[in-house]
Amino acid sequence: MDLNGATIMILGGSGLVGHAVARRLLAFRPKQIVLVALYARETEEAAAALQGMAGEVRVVAEHGNVYLPAELARGDREKSMQDPANIRRLVADTFGELTEDILHRSLLVQLLEQYRPDAVVDCVNTATAFAYQDVYSSTRQLLELAAQGKADQAAIERHALTMPIPQLTRHVQILMEGLRRAGTRAYVKIGTAGTGGMGLNIPYTHSEEKPSRTLLTKSAVAGAHTLLLYLMGRTPGAPATVEIKPTAAIGWREIAYGPVRRGGRPIPLFDCPEPVSVARAFDGSECWRSLDKPLESVFINMGENGLFAREEFATITALGQMEMITPEEIADYVVMELEGHPTGRDIVTALDAATAGPTYRAGILREAALDRIDRLEKQFRVRSIAFEMLGPPRLTKLLFESYLISRLQPNVEKLAAADPAALGAEADHLLTLQPSLRAEILSVGIPIVHPDGQRISRGPTVVVPPPAGDPLAAAPRGWVDLRTSNCALWVARAAKMVEQAKARSAGPRGSGSDVEWFAIAPADVITPWRMAAWIFRYEDQGERIKR
């Protein structure tokens, strides 16, 4: 894409990599760069530093936690989590269905809709953000409360918000919809391997367990994130999706002398001039004294990883350890990918190239399999429609409904002219005449809504249970529905197929490979799988775009 005149949003824009990316982008004269980071002060300082070298490029600072609703995103998360109402809201937003209200409240969606960036570069360490909430400690605490009979709803809700995968899944759903609404053309994620490129033998852990479960969870979340981005890149209407995954320590921001800060706070100096007994050392009494000043030393600032002493830096970057990559090199990869120059460092493209997709042999064998099934159906005088093992239940519903229609209408064109009320009544009568077909539908867990909308046939299992208050609301998701409104939907679908056929015939005629050879024609008989595939393609926008 042409970066000149573009709006580019950088998530984690005040961090080591985000700031390097912003500096590199200035050379391409974008219209504006929007820096988004967790804290207002650091984001404003980063924006001010950039603006000094930006010329006419506008640099905007925004702050907040992009994983939270806007009303909670800019406050103290620990403090806000003390309010049970906030916890309950986050649990509902994370584990419930994705709704318009959730999207509307999301800080990330609000920022995307406000600035409508042409490209988003995401430098936030998502895997760390979710994995380091420490589901393991939370589980131990919850089990202890359960043993004491104190595991109430509040404790369960607090624990739920430490589970990384549901939070990651919801984040990617929100991100995808936000990018779509903003019209963003490119999304570049700076991911992580979780171990700085080392394996399960990594000696840098957070406990005596090597490697720690928390660290491995970070890597697992990072891998899950990559697969979700891989799927996003295969979604029609999604932005071009790229992930660059550094597998080395990233350094550095500065080398200086001064107070050594941990978690943003200076480390206070203490001393214990008089040794004490082992028993006294750990009896809760203070055997140390404050020196009333912070630890000061020479340090190298490694960005999100903190301040390292000389020997720490030398150890972690030694040959055979994590070694090192600079933020500027990562920024160069980002800019090249945004410009459309392949770097060979994009994980999404690598997965596209390495995964085993559809094959010519399987395509030929598919026809052989269908032919064999057809012959067995004729031999045993049965029709194999759906068993509700593939899912979703809506597919089973669509297959049975289109089969019923195929028994009543000779082709697509006739269906397009059918009377919906009569169609439902005829299908209902057909099920009365063929109780074995009705039994098959009910036995796989699909209820039947009769034309009057007042009567339902069902078996002991219902794969899509009715919601409270409005039982028929479940019908579109997994019930055979013979009401006029649903039959009218099938008639409208057939009419759309006829319109598509007319449009094809009105266009340039030919017999080349660009012709849609397998499109549904008006004179075609109604075949359940073809109807379902058409619905998934045109109504659900569910077509595969990569092979």
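The values are calculated or read from the model by the stated rules, or taken from the named source; none is laboratory data. Bear in mind that the values here come from a model prediction, so they are computed numbers and not experimental data. Methodologically, a virtual Cβ is constructed for each residue, glycine included, from the backbone with ideal geometry; neighbour enumeration extends over all protein chains shown. The accessibility values were calculated without ligands, DNA or RNA, using every heavy atom of the protein model including side chains. Shrake-Rupley method; radii C 1.70, N 1.55, O 1.52, S 1.80 Å.
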Suppose we take every Cα in the chain and form the convex hull; what volume per residue is that in Å³? 233
Set of lysines with alpha-carbon distance to residue 378 below 29 Å, sequence-local pairs under 8 removed: 397, 414
Helix 360-380 sits off the longest principal axis of the Cα atoms of the chain, rounded to the nearest 10 on a 0 to 90 degree scale, by 40
Evaluate 2.2 N^0.38 Å with N set to the residue count of the stretch 493-547, then give the Cα radius of gyration divided by it. 1.19
Given a 1.4 Å probe, the accessible area of the stretch 16-73 per residue, as a whole number of Å², is 44
Could you give each residue of the stretch 460-472 its phi-based ³J(HN,Hα) in whole Hz, using Karplus coefficients 6.51, -1.76, 1.60 with θ = phi - 60°, and x for Gly or Pro? x, 10, 10, 6, 10, x, x, x, 5, x, 9, x, 6
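For the chain, with all protein chains present and a 1.4 Å probe, just round the carbon and sulfur fraction of the accessible area to a whole percent.
Numbers: 16380 of 29670 Å².
The nonpolar share, carbon plus sulfur, comes to 55 percent.
Taking every DSSP beta bridge with both residues inside the chain, roughly what % is antiparallel (nearest 5)? Present the calculation step by step, with values, prior to reporting the outcome.
Numbers: 17 of 45 bridges.
Just about 40 percent of them are antiparallel.
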Quarter of Cα convex hull surface for the stretch 125-204, i.e. mean projection, nm²: 7.7
What is the Cα centroid distance between the stretch 285-355 and the stretch 131-157, reported in whole angstrom? 33
Explain nothing, just the number: relative contact order of the stretch 316-444, from Cα pairs under 8 Å at least 6 residues apart, as a whole percent. 12
Here the gain from full extension of residue 509 to residue 315, 0.36 nm per residue of separation minus their alpha-carbon distance, amounts to 63.0 nm
So, in Å, what gap is there between the alpha-carbon centers of the stretch 223-242 and the stretch 245-272? 34
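Peptides 521-532, 463-474, 501-512: what's the order by average Cβ count within 10 Å, highest mean first?
The packing order, highest mean first, is 521-532, 463-474, 501-512.
Any idea of the accessible area per residue across the stretch 245-367, 1.4 Å probe, to the nearest Å²? Numbers along the way, then the final one.
Values: 8360 Å² over 123 residues.
With all protein chains present, the stretch 245-367 gives 68 Å² per residue.
Longest span of the chain, sites excluded, free of GluC sites (Glu not before Pro) in DSSP loop with at most 13 other C-beta atoms within 10 Å? Working shown, then result.
On the way: sites that count: 56, 97, 208, 209, 286, 516, 543.
My reading of the result: 287-515 is the longest stretch.
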Using the Karplus equation 6.51 cos²θ - 1.76 cosθ + 1.60 (θ = phi - 60°), what ³J(HN,Hα) coupling, rounded to whole Hz, does each residue of the stretch 407-414 give in order, writing x for Gly and Pro? 7, 10, 10, x, 7, 5, 4, 5
Entries in 189/546; 79/293; 496/546 that, when Cα-Cα distance is taken, lie over 23 Å: 79/293; 496/546
Using the heavy atoms of the protein chains alone and a 1.4 angstrom probe, what is the accessible area of the stretch 394-547 per residue in square angstrom? 53
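Got the relative contact order for the stretch 1-137 handy, in percent, Cα pairs under 8 Å and 6 or more residues apart? Numbers along the way, then the final one.
Numbers: 196 pairs, mean separation 39.0, N = 137.
Reported relative contact order: 28 percent.
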Percent relative contact order of the chain, based on C-alpha pairs within less than 8 angstrom and at least six residues apart? 11
